[in-house]
Amino acid sequence: MEKIQMVDVVSMYNRHSKEIDRKIKYLINKGSFIQGNEVIGFEENLSKFLKSKHTISCGNGTDALYIALMALDLKPGDEVIVPSFTFISTVEAVCLLGLKPVFVDINPNTFLIDVEMIENSITEKVKAVIPVHLFGQCCDMVEILRISKQYNIYVIEDAAQSIGSSCVISDKLNRKFSGTIGHIGTTSFYPSKNLGAFGDGGAIFTQNKALAKKIKLISNHGQNKKYSHQIVGLNSRLDSIQAGILNCKLKYLVSDNNKRFNVAKKYNELLSDLDWITLPKKTEKSDHIFHQYSILLSEKVNRTRFQKYLSRNKVPTMIYYPIPAHKQNAYKKFAIKKLSVSESISKNIISLPIHPVLKNSQVKYICDLIRNFK
Ligand SMILES: Cc1ncc(COP(=O)(O)O)c(C=O)c1O
């Protein structure tokens, strides 16, 4: 059997290597490395795919969050509600701008931000919320949009893990893609993401023209034309070569997301009778593109021993995330409440390999091993 990878970026490249190599060679020979038509074309393609009015590419998903917050003109000391159970960038971007993160818990079944706790955490100082569409499915955007309107706070969707995932946004069964629902949405093209580049990359989405203009300015030194700087900005741009690679890969995103879904379905089928494992739950309002397939182990199971056992048998696993943000040294000063769900889940969660080229026989091998764990 072929080696099982957590994410097999090389095999995924090999499927389309001719097309990608041709594109890279073309761009090198053109001498176009930063911005240019390839990047504009990618932004247009992504806008079309996600039905987003505006897409602005940038250096990475962390910058995307940082730029989004900058564009909203939040002032130091303003508060931003964030889930504690997330990749650290969500919190980092808030703190780098002198804003204060207000940590909230997650739903124990979906691992997504607890909407009731968002509402309970709102004060005069709270100006925004960052729902993170963790592991590939969308937060409850119907409720989050209601809260945003009722309390007049901005919504920045962190869609780094959910590109191509859509959800219901109103009672009328109206669906939209993650990242295009809030005031601003962000994503990451980190190589292991569902739409991964061969280096860093990110994008910002908005449906508001004025915000789009500002985001574009910020991401490119605040300049509207060369050497004409209108506002303080930064250098956060997508390389042409990354845009070229992403243009090739975008065509396969839907089928790749479907393949991931089928892998998850197979895991569900083969693991559903094990009473010491809780399988990931899909919400009714969102679809799931399974950026991660994360299971919860019962408290009786020693996770380290389980992980070592799988590793000995050539099955890689990852812990997303072992320590919630409010327990991290850098951020614990902002922790005001005990977030018991995030704390307990970080101790019991473990993610199994998932990617579009994982074979049924490999999933079966992994599940047989799990079944035989003692
Ligand atoms: C939820 C979430 N937000 C933000 C990011 C940051 O993206 P990047 O690594 O491109 O900076 C990531 C990437 O791992 C992520 O998973």
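The values are calculated or read from the model by the stated rules, or taken from the named source; none is laboratory data. As the structure is a prediction and not an experimental result, all values here were calculated from the model. Heads up, the Cβs are rebuilt from the backbone with ideal geometry, glycines too, and the neighbour counts pull from every protein chain shown.
What about residue 214, is it part of a helix (DSSP H, G or I), within 16 Å of the ligand (Cβ to nearest atom) and either surrounded by fewer than 18 Cβ atoms within 10 Å (Cβ to Cβ) or more than 16 Å from the chain's Cα centre (by Cα) (or both)?
No, not satisfied.
Residue-by-condition table, conditions (1) at pLDDT 95 or above; (2) within 16 Å of the ligand (Cβ to nearest atom); (3) among the polar types (S, T, N, Q):
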{"position": "120", "(1), (2), (3)": "yes, no, yes"}
{"position": "132", "(1), (2), (3)": "yes, yes, no"}
{"position": "140", "(1), (2), (3)": "yes, no, no"}
{"position": "158", "(1), (2), (3)": "yes, yes, no"}
{"position": "162", "(1), (2), (3)": "yes, yes, yes"}
{"position": "179", "(1), (2), (3)": "yes, yes, no"}
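Can you find a residue in the range 196-206 that is assigned to a loop (DSSP other than H, G, I, E, B), modelled with pLDDT of 95 or more and more than 16 Å from the ligand (Cβ to nearest atom)?
no
Within the range 79-100, restricting attention to residues that are within 23 Å of residue 319 (Cβ to Cβ) and assigned to a loop (DSSP other than H, G, I, E, B), which residue is nearest to the ligand (Cβ to nearest atom)?
Only one residue tops the list, namely 87.
Is there any pair linking a residue in the range 156-179 that is closer than 25 Å to residue 355 by Cβ to one that is surrounded by fewer than 24 Cβ atoms within 10 Å (Cβ to Cβ) and hydroxyl-bearing (Ser, Thr, Tyr), with Cβ under 7 Å and at least six apart or on different chains, and which?
Within 7 Å, the pairs are 165/286; 167/286; 177/166; 178/165; 178/166.
Can you tell me which of 34, 24 is touching a residue at least 24 places away in the same chain (Cβ under 8 Å), exposed (fewer than 15 other Cβ atoms within 10 Å of the Cβ) and either more than 15 Å from the ligand (Cβ to nearest atom) or not assigned by TED's automatic domain parsing to the domain that holds residue 154 (or both)?
Of the residues listed, the single one that is touching a residue at least 24 places away in the same chain (Cβ under 8 Å), exposed (fewer than 15 other Cβ atoms within 10 Å of the Cβ) and either more than 15 Å from the ligand (Cβ to nearest atom) or not assigned by TED's automatic domain parsing to the domain that holds residue 154 (or both) is 34.
State all residues of the range 185-195 that are more than 17 Å from residue 358 (Cβ to Cβ) and near the ligand (Cβ under 9 Å from one of its atoms); if no residue qualifies, say none.
186, 187, 188, 189, 190
Here is a yes/no grid of residues against (1) under 22 Å from residue 180 (Cα atoms); (2) surrounded by fewer than 23 Cβ atoms within 10 Å (Cβ to Cβ):
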residue	(1), (2)
47	yes, yes
63	yes, no
68	yes, no
77	no, yes
80	yes, no
91	yes, no
109	no, yes
138	yes, no
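So, in the range 193-216, exactly how many residues are of a type outside the set (Phe, Trp, Tyr) and closer than 22 Å to residue 292 by Cβ?
So the answer is 10.
Tell me, yes or no, whether the range 257-277 has at least one residue that is among the aliphatic types (A, V, I, L, M) and either free of Cβ contacts under 8 Å to residues at least 24 places away in the same chain or in the same structural domain as residue 17 (by TED's automatic domain parsing) (or both).
Scanning the range 257-277, I find no residue that is among the aliphatic types (A, V, I, L, M) and either free of Cβ contacts under 8 Å to residues at least 24 places away in the same chain or in the same structural domain as residue 17 (by TED's automatic domain parsing) (or both), so the answer is no.
Take the conditions without any contact (Cβ under 8 Å) to a residue 40 or more places away in the chain and either among the small types (Gly, Ala, Ser) or crowded, with 24+ Cβ neighbours inside 10 Å (or both) and apply them to residue 113. Does it pass?
yes
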